[in-house]
Amino acid sequence: MKQKPDLSKRISRPQTIAAAFGGFLKLFGHSASDADLAARWDEVMGSEIANAAKLSGIRKTKNKKFIISVRAANPAFALSLSYMIPEITSRINKYFGFDAVEKIMIRK
């Protein structure tokens, strides 16, 4: 039997609308998909990351997490993208409303 989320807990830091709405949709058994992430990549990542990295692939693992492949817009951005991995992971997790990223791979 599925356990219902505890709605009495308040998150101490502000959330994005996507993170809050993602959690709300999960209550009804619906969630954002990887195709939604691909379509809204620029919006989810923001202009700084979206200009440096383009989404090149999404794979779902057996444990329902994602392996995200990004391609650097310019090979010179590959190193700076490696420093942005925690921010990219955080934004994707906020979009889905749960810890969705298993690994991020940077392609040159």
Study note, to complete from the structure: For segment 42-72, the count of residues that are assigned to a helix (DSSP H, G or I), out of contact with any strand residue (DSSP E or B) (no Cβ under 8 Å at 6 or more places or on another chain) and farther than 18 Å from K94 by Cα equals 1
Review point. Any residue at all in segment 85-107 that is touching a Lys or Arg at 6+ places or on another chain (Cβ under 7 Å) and modelled with pLDDT of 90 or more?
Key: yes
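Let's see how each residue does on (1) more than 18 Å from I106 (Cβ to Cβ); (2) surrounded by 10 or more Cβ atoms within 10 Å (Cβ to Cβ); (3) modelled with pLDDT under 85:
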{"position": "P5", "(1), (2), (3)": "yes, yes, yes"}
{"position": "K9", "(1), (2), (3)": "yes, no, yes"}
{"position": "P14", "(1), (2), (3)": "yes, no, yes"}
{"position": "I17", "(1), (2), (3)": "yes, no, yes"}
{"position": "L25", "(1), (2), (3)": "yes, yes, yes"}
{"position": "D36", "(1), (2), (3)": "yes, yes, yes"}
{"position": "S47", "(1), (2), (3)": "yes, no, no"}
{"position": "S69", "(1), (2), (3)": "no, yes, no"}
Practice item. Can you work out which of the residues in segment 62-90 that are without any contact (Cβ under 8 Å) to a residue 12 or more places away in the chain and of a type in the set (A, V, I, L, M) is farthest from V101 (Cα to Cα)? Key: A76
Practice item. Mind listing whichever residues of segment 73-108 are within 21 Å of A39 (Cβ to Cβ), among the hydrophobic types (A, V, I, L, M, F, W, C) and not in a helix (DSSP H, G or I)? Key: A73, F98, A100, V101, I104, M105
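The values are calculated or read from the model by the stated rules, or taken from the named source; none is laboratory data. On a predicted model such as this, the values are computed, not experimentally measured, just so you know. Cβ coordinates were reconstructed from backbone atoms using ideal geometry, including for glycine residues, and neighbour counts include every protein chain displayed.
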